[in-house]
Amino acid sequence: MEAVIPLGLKIGFTLFVCALVPIYWRQYGPANFLWFSDIALLALVPALWLENALIVSMMAVAVVFFEAIWNVDFFARLLTGKSSMGLSAYMFDPKIPWFTRTLSCFHIVLPLLLLWIVHRLGYDRRAFFWQTVVTLVVLPLSYLVSNAQENVNWVYGFGQTADDSARTAVRDSFKAAVSARCLSADASFFRQNLSSGRLIKGDKGGC
């Protein structure tokens, strides 16, 4: 069977992740890899080589929406010097080595790459169910192993630490409402628009 994903992309992406992991581990610590964006980055390595639509679909459901928000925040700060959410504040922190911040630019490419791969492989309708299961494991774990300063997966407040109580309360409510709605919307969008009518095994009747 002919490969759907170019070999060059598989090799290049794998080398990038191999370079990023030890640098991130040293800079941010192991808990940082519980971020859904980092989970997606790591999971894409086997997903690309295996051309596994389920894994790719799960990662797309998990991160595309919030990666889009991160990009809005990043480019707003880059172009205007102001940011209302602070999600990408670390990208402008001179205390973090510039090379490490450069590696973090994967956030710009990741949502586009996921959408393209889903388009190529097709959307697996089991993704929403299994990503929900993963989320129910990752979020409590993020709370247990991180702190308010690290705020992995925003478990202490959307884009903020627990100290910023007023803005955190509003953003927590926003995150809770938007997460469920947008994960469902993402799944519907991928299913209807990105798979070009191609549904893969496991698609009969969803979960």
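Annotations for the structure displayed:
- Condition met for I117 (surrounded by 13 or more Cβ atoms within 10 Å (Cβ to Cβ), in a helix (DSSP H, G or I) and not aromatic (F, W, Y)): yes
- Just so you know, in the range 39-61 the residues that are surrounded by fewer than 23 Cβ atoms within 10 Å (Cβ to Cβ) and more than 17 Å from H119 (Cα to Cα) include one that is farthest from the chain's Cα centre (by Cα), and it is P46.
- Boolean, E67 is at pLDDT 95 or above, on the phi > 0 side of the Ramachandran plot and out of contact with any strand residue (DSSP E or B) (no Cβ under 9 Å at 6 or more places or on another chain): no
- Qualifying residue in the range 161-169 (condition: under 16 Å from W35 (Cα atoms) and at pLDDT below 95): yes
- Selection count, the range 1-47, where residues are assigned to a loop (DSSP other than H, G, I, E, B) and of a type in the set (A, V, I, L, M, F, W, C): 5
- Annotation: of all residues in the range 62-96 being without any contact (Cβ under 8 Å) to a residue 24 or more places away in the chain and not in a helix (DSSP H, G or I), the one that is surrounded by the most Cβ atoms within 10 Å (Cβ to Cβ) is S88.
The values are calculated or read from the model by the stated rules, or taken from the named source; none is laboratory data. This structure is a prediction, so every number in the text was calculated from the model and none was measured. Positions of Cβ are generated from backbone atoms using ideal geometry, with glycine treated the same way; all protein chains shown enter the neighbour counts.
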